[in-house]
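Just so it is clear, none of the values below were taken in a lab; they were calculated from the coordinates. If you're wondering where the values come from, they're calculated on a predicted model, not measured in any experiment. Note that each Cβ is placed from the backbone with ideal geometry, even for glycine, and that neighbours are counted across all protein chains shown.
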């Protein structure tokens, strides 16, 4: 499939997105996501909570789960004026 074919298929399936093609919206969304992530990390750092960024989320100690989720929600409100609901993802551990 060529890029043109893919673009046409996406436009056919999601016509409301067609007007956004070629406007670098992906870059805008990535920058917004990074701003939310950085604001989250700064909030946690000020509380002395260690956190690792992971693409579109954070990793915190289990004892700081509530604070981590609250920090991300508050950062989203600060940056985009909307609540983003967080979910906990289980960390895979190998069985030995």
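Normalised by the residues of the chain, what does the relative contact order come to in percent, with Cα pairs under 8 Å and at least six apart?
So the answer I get is 19 percent.
Where does the chain land at 222 nm, in deg cm²/dmol rounded to the nearest 500, when only DSSP H runs of n ≥ 4 count, each adding -39500 (n - 2.57), divided by all residues?
Helix contribution divided over all residues of the chain: -17000 deg cm²/dmol.
Taking the inverse of the average 1/r across all pairs of different Cα atoms in the chain, what Kirkwood radius in Å do you get?
About 15.8 Å, per the Kirkwood formula over Cα pairs.
Highest mean first, what order results for 52-63, 84-95, 68-79 on Cβ atoms within 10 Å?
Going from most to least packed, we get 68-79, 52-63, 84-95.
Give the shape of region 7-49 as rounded, prolate or oblate, defined through the alpha-carbon gyration tensor: a ≥ b ≥ c are the square roots of its eigenvalues, a/c under 1.5 means rounded, and otherwise the shape is prolate if a/b is larger than b/c and oblate if not.
prolate
If each residue of separation counts as 0.36 nm, what is the full-extension length gain between residue 42 and residue 54 once their alpha-carbon separation is subtracted?
Length gained between residue 42 and residue 54: 2.8 nm.
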